[in-house]
Structure formats: structure tokens, C-alpha cells
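Below you'll find the structure, written out as C-alpha cells, and then a few comments.
The values are calculated or read from the model by the stated rules, or taken from the named source; none is laboratory data. As the structure is a prediction and not an experimental result, all values here were calculated from the model. Don't worry about glycine lacking a Cβ; one is built from the backbone with ideal geometry, like all the others, and counts go over all protein chains shown. Heavy atoms of the whole protein, side chains included, go into the accessibility calculation; ligands, DNA and RNA do not. Shrake-Rupley method; radii C 1.70, N 1.55, O 1.52, S 1.80 Å.
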Amino acid sequence: MLTSSTAELSFSPEAPVVILWQEILCQQNRKLHNFIRKRVSNREDVEDIAQMTCVEVLRNSHKFLGASRPETWLFGIAANLIRNYYKTHQNRFLFDSLNEDNVLELIHDCDPSDIIANDELLSVMAHSIDKLPEDTRQMLSILVERNGSYQDVATSLDIPLGTVKSRLSRVREALKSTIS
């Protein structure tokens, strides 16, 4: 039986699992807001994205297949909404204004061990990228520095779009393996 707030999942024919989405949303509300707030600085936008996340979870609960935990699915939806938010607000500054809350959050989030780990990771990645062939570094430059698309890369380097996709896929896997 499906309703707007529950979904039954059958992992086996004799044991259906009932997901009480309203309870999960209530339990995860604070974590959800913190998750969004770490990625979006504007309070009103944080509230909007949190509300949209809840609406999307309830509206699409019937699509939850049980391949992950319900909480993981919830935060995946929030991450997608945050990604969409930044796609539509590309020209906006990260912080509309630097207020006391932003400063305190920045200070609070600066764990020295995290900073060191991130610096080491960045160093490894930069070294790995420097070792890449020139045409691959050009592709990454077009994508990252110029905020280009795969089509922009294909046009700039005069290569087929499929070639761009396959090369970037191989580069992505190679870079992942350097940090594993």
C-alpha cells in the first residue's frame, strides 16, 4: 500500500518493510538542515531547499526501491536539489553578505586535521594532474577553469563528443585510483 507518507518494500515475498517517511523526515530534520546549511549560506534558501526536499521525498516515496537506507535516499535528494540550486544561481556570490553567523560557522568548521588532510589530497591531485598528457590537461582546463561543457571541449579540441566522454571517464578513474 502506498500513501504520501509510507511505502511498503518487499525484500522478500513474506517480509514487506514499511517506510514511515514522515517519521524519518522528523528524525532527520536537524541533520538535513545542517547538511544544507553547510552547502548553502542564505537562510531563506536553506529553508526552501529543506522544504523542497521533504516535498520531493513524500511525492516520490513510491520510487524508493530499498537499494539504500531511507536516510541516504533523503540526503541524495537534498544533494540533487542543492546542485540544481547552484546551477540556477551561478552568478550569485557564495555569501550574500558576511555576517556573524557565517564567520562563526567558518571558524567552527575549520578543523586543523581536516585542513591538513585536504591540503595533502589537493597536493596529490595537483601532482597527478601535472603528470597527465597535455591534451588531457587542456580538456580539464576547459571544463574546470572556463566552466565549459563536454561539447565545448569537443569543439575546442576538434574531437568527437564520444571521445571526450571516454577520455574523461578514464581520467576520472585514474585520478580516483591515485587517492585510494
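Things worth noting here:
- For region 120-170, residues that are among the charged types (D, E, K, R), within 22 Å of the chain's Cα centre (by Cα) and part of a loop (DSSP other than H, G, I, E, B) total 1.
- Test result for A117, in a helix (DSSP H, G or I), modelled with pLDDT of 85 or more and surrounded by 10 or more Cβ atoms within 10 Å (Cβ to Cβ): no
- Restricting region 131-180 to residues that are charged (D, E, K, R) and over 28 Å from A117 (Cβ atoms) leaves a set whose member that is most open to solvent (accessible area, probe 1.4 Å) is R146.
- Matching residues, region 18-50, being open to solvent by 40 Å² or more (accessible area, probe 1.4 Å) and farther than 17 Å from Y86 by Cα: V18, L20, Q22, E23, C26, Q27, N29, R30, K31, N34
- Here the condition is being surrounded by 10 or more Cβ atoms within 10 Å (Cβ to Cβ), modelled with pLDDT of 70 or more and out of contact with any Pro (no Cβ under 9 Å at 6 or more places or on another chain); of L104, L94, L98, L122, it holds for L122 alone.
- If you go through region 51-76 and keep only what is farther than 14 Å from K31 by Cα, open to solvent by 30 Å² or more (accessible area, probe 1.4 Å) and part of a helix (DSSP H, G or I), you end up with M52, V55, E56, L58, R59, H62, K63.
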